[in-house]
Amino acid sequence: MTSTNLESQTFSARPSLVHGAASRIDELRRPTITVIPWPDPVVEELGHDPRSWYVERFWLPVLGPSTVLLLRLLNDELDDHPDGTELEAVEVAGALGLSWHENVGKNSPFVRTLLRSCQFGFTRICGEGTLAVRRAVPDLPRRHLRRLPTGLQKMHAEWMRRRLSSEPPDPAAA
């Protein structure tokens with residue numbers, strides 16, 4: 001597996017990354033996609049596994065279900081292949097309940113899911129057919145938190161209060 005140095009990349013989803021991903025999506029329109037880890041030691045230490053209760057509860061309303069499922073699937077694959085792996089695009093799309101054809105446009109559900117994961121800085125197109133994937137996600141930023149339903153905002157505030165205190169975490173969050 002070819003290694004790409006992504007450690008110096010920042011976690012923010014700057015507009016240049018978003019537009020860059022949209023202009024580079026053709027690089028992923030191939031039968032196989034190479035998936036590699038995108039290390040971020042700080043977020044990996046303080047953040048959340050993409051398969052966690054936190055992501056399902058608080059990030060899902062922001063990212064949407066197909067993007068959360070994509071992150072889970074890609075992280076499952078990276079657990080089995082820590083240096084990276086090649087995945088069949090049609091298999092990945094099918095596992096998410098989405099269709100895939102090499103000649104799909106930018107408005108296809110699978111391409112939109114890939115772009116959304118890039119938009120939020122959880123993946124990055126970094127070469128012909130290569131997708132770098134974050135192994136952890138940060139706490140939900142305030143700008144996204146304000147868009148959640150009131151009940152989820154309150155649940156998040158309670159979760160943060162417990163996290164910052166020495167109280168045991170909510171068992172549902174385990």
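The values are calculated or read from the model by the stated rules, or taken from the named source; none is laboratory data. It should be emphasised that the depicted structure is a prediction, and the values quoted were computed from it without experimental measurement. Please note: Cβ atoms are built from the backbone with ideal geometry, for glycine as well, and neighbour counts cover all protein chains shown. Remember, those area values only see protein heavy atoms, side chains included, never the ligands or the DNA or RNA. Shrake-Rupley method; radii C 1.70, N 1.55, O 1.52, S 1.80 Å.
What to note about this one:
- Any pair with Cβ under 7 angstrom, 6 or more apart, that starts in segment 17-43 at a residue that is farther than 20 Å from residue 78 by Cβ and ends at one that is modelled with pLDDT of 70 or more and in a loop (DSSP other than H, G, I, E, B): 17/121
- So residue 115, is it within 30 Å of residue 159 (Cα to Cα) and open to solvent by less than 10 Å² (accessible area, probe 1.4 Å): no
- Top-ranked residue of segment 98-120 - restricted to ones that are outside any helix (DSSP H, G or I) and closer than 12 Å to residue 67 by Cβ, ranked as modelled with the highest pLDDT: 120
- Test result for residue 86, open to solvent by 40 Å² or more (accessible area, probe 1.4 Å) and either in contact with a Pro (Cβ under 7 Å, 6 or more places away or on another chain) or free of Cβ contacts under 8 Å to residues at least 60 places away in the same chain (or both): yes
- Contact annotation: residue pairs with Cβ atoms under 6 Å, 6 or more positions apart or on different chains, pairing a residue in segment 62-74 that is touching a residue at least 60 places away in the same chain (Cβ under 8 Å) with a partner that is buried (at least 19 other Cβ atoms within 10 Å of the Cβ), are 71/50; 71/122.
- Among residues that are farther than 24 Å from residue 54 by Cβ, at pLDDT below 90 and touching a strand residue (DSSP E or B) at 6+ places or on another chain (Cβ under 7 Å), residue 129 is included.
- Flag for residue 43 being open to solvent by 10 Å² or more (accessible area, probe 1.4 Å) and at pLDDT below 95: yes
- Evaluation of residue 140 against (1) at pLDDT below 90; (2) surrounded by 14 or more Cβ atoms within 10 Å (Cβ to Cβ) (one fails), failing number: (1)
Residue-wise test of (1) modelled with pLDDT of 95 or more; (2) aromatic (Phe, Trp, Tyr); (3) in a helix (DSSP H, G or I).
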residue	(1), (2), (3)
26	no, no, yes
50	yes, no, no
54	yes, yes, yes
78	yes, no, yes
